[in-house]
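The values are calculated or read from the model by the stated rules, or taken from the named source; none is laboratory data. Source: prediction; values computed, not measured. Note that each Cβ is placed from the backbone with ideal geometry, even for glycine, and that neighbours are counted across all protein chains shown.
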Amino acid sequence: MREKLKDYLNIANKAGYLIIGSDKLSNYSKKLYLVIIDKNAGKSSRKIFENLKNKGVLGAEIENLEELVSVEKCMIVALKNYGLSEQIKKYINQGE
């Protein structure tokens, strides 16, 4: 399951649909469909995660997010593509 999740996140990243990092997400104003946070994320990433969830964006927590997106010290990502976010949700819901 994690390999499929990794594949979909990498596709989203290459297509430009994945926003990586709290710096980019803190002031992002366009439509987002899914926000994913690492279970070990710090306070600033958690605050952004909660703010996005309060705006109606679906949120999920997973372990070792940086391994899935192949970016060091990545604690939070968001998707701005509906189709890919739906596929990724399926794999997150299956328990990684």
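Observations, loosely collected:
- Residue tally, condition touching a helix residue (DSSP H, G or I) at 6+ places or on another chain (Cβ under 6 Å) and among the acidic types (Asp, Glu), over region 1-51: 1
- The set of residues in region 1-51 being in a helix (DSSP H, G or I) and touching a Gly at 6+ places or on another chain (Cβ under 7 Å) consists of 49 alone.
- Long-range neighbours under 6 Å by Cβ, at least six apart or interchain, first residue modelled with pLDDT under 85 within region 85-96, second among the basic types (Lys, Arg) and not in a helix (DSSP H, G or I): none
- Residues located in region 1-52, provided they are within 18 Å of residue 82 (Cα to Cα), in contact with a strand residue (DSSP E or B) (Cβ under 9 Å, 6 or more places away or on another chain) and of a type in the set (S, T, N, Q): 10, 13
- Of all residues in region 27-43, those that are surrounded by 13 or more Cβ atoms within 10 Å (Cβ to Cβ) and modelled with pLDDT under 95 total 1.
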